[in-house]
Amino acid sequence: MREGEFVVLLGRNGAGKSTMLHAISGLVPKRGGTVRFAGQDLTAARPRRIVQAGVVQVLEGHRVFHALTVEDNLLIGTYARSPHGDRSKLGRIYELFPEIADKRHQPASRLSGGQQQILAVAQGVIGEPKLLILDEPSAGLAPIVIDRILDVAAELCRQGMSILL
């Protein structure tokens with residue numbers, strides 16, 4: 001992939017799409033091949049090192065911390081680069097995702113499924129990755145939410161972020 005490129009990985013159910021994304025992110029062991037990113041060999045790297053290199057994966061499903069507030073969920077996305085959280089990134093995220101801005105002090109458990117997925121994507125974006133991997137961000141969501149996530153992804157690409165969907 002090149003910088004600012006939007007690539008979609010297609011295949012039938014069970015073909016290994018998610019497994020490949022998990023292998024890139026270091027979440028499952030690799031049986032062969034290599035993972036290179038920005039000139040670095042990340043094949044044997046642990047997930048934390050991969051995130052520090054600029055690769056962030058948003059896992060399939062509404063994977064957020066339900067007991068934490070929306071804002072605390074977002075701050076978790078900054079910990080790889082700032083161990084105390086980086087509040088300076090919140091303004092940009094609320095501009096990109098206004099649908100969660102007014103809910104910032106609510107527990108994530110009070111969000112709808114679509115809002116939780118938007119929060120999960122925002123949690124990935126706030127870390128300012130060079131490559132954002134989205135594993136089926138549209139699963140089970142209303143078309144309007146899917147369009148919203150894809151619109152933001154396209155805007156991020158225009159700003160130079162690479163997206164692997």
- Query: For the chain, with every protein chain kept in place, what is the accessible area per residue (1.4 Å probe, Å²)?
  - Reply: 54 Å²
- What residues have an amide H closer than 5 Å to that of ILE163, excluding those fewer than 5 places away on the same chain, when H is modeled at 1.01 Å from N in the peptide plane? GLU5, PHE6, VAL7, LEU132
- Task: Of all alpha-carbon pairs in region 12-60, indicate the percentage at a distance above 17 angstrom.
- Result: 30 percent
- Please check the chain for the longest run free of GluC sites (Glu not before Pro) that are loop-located per DSSP (anything but H, G, I, E, B) and have at most 13 other Cβ atoms within 10 Å. 6-165
- For the chain, with the dipole built from +1 on Lys and Arg beta-carbon atoms and -1 on Asp and Glu ones, taken about the Cα centre, which of PHE65, GLY140, ALA108 lies farthest toward the positive end? PHE65
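To the nearest 20 Debye, how big is the dipole of region 78-165 about its Cα centre, given +1 on the beta carbon of each Lys and Arg and -1 on that of each Asp and Glu? Present the calculation step by step, with values, prior to reporting the outcome.
Details: 10 positive and 10 negative charges, 68 e Å.
Value, rounded to 20: 320 debye.
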- Query: Considering the dipole of region 1-136 built from charges on the beta carbon (Lys and Arg +1, Asp and Glu -1) around the Cα centre, which of ALA15, THR34, PRO47 is farthest to its positive end?
  - Reply: THR34
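Take peptides 35-44, 137-146 and line them up by average Cβ neighbours within 10 Å, highest first, as a rough protection proxy. Write out the running numbers ahead of the final one.
Values: 35-44: 12.9, 137-146: 14.6.
Top to bottom by mean Cβ count within 10 Å: 137-146, 35-44.
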- Task: Could you state the angle between the C-alpha long axis of helix 143-158 and the longest principal axis of the C-alpha atoms of the chain, as a value from 0 to 90 degrees rounded to the nearest 10?
- Result: 60 degrees
- Cα centre as origin, Lys/Arg/Asp/Glu Cβ charges: the chain dipole, Debye: 580 debye
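Taking only DSSP H segments of four or more residues, each worth -39500 (n - 2.57), what value at 222 nm results for the chain once the sum is divided by all its residues, to the nearest 500 deg cm²/dmol? Please report the intermediate quantities before stating the final value.
Working: 7 runs with 61 residues, N = 165.
Taken over the chain, the calculation gives -10500 deg cm²/dmol.
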- Item | Reported label for calculated mean projected area of the Cα convex hull in nm² given (1) 11.9; (2) 10.3; (3) 9.6 | (3)
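The values are calculated or read from the model by the stated rules, or taken from the named source; none is laboratory data. None of the values given here were measured: they were computed from a predicted structure. Quick reminder, even Gly has a Cβ in these numbers, built from the backbone with ideal geometry, and neighbours come from all protein chains shown. Note: accessible area is taken over every heavy atom of the protein model, side chains too, but ligands, DNA and RNA are not part of it. Shrake-Rupley method; radii C 1.70, N 1.55, O 1.52, S 1.80 Å.
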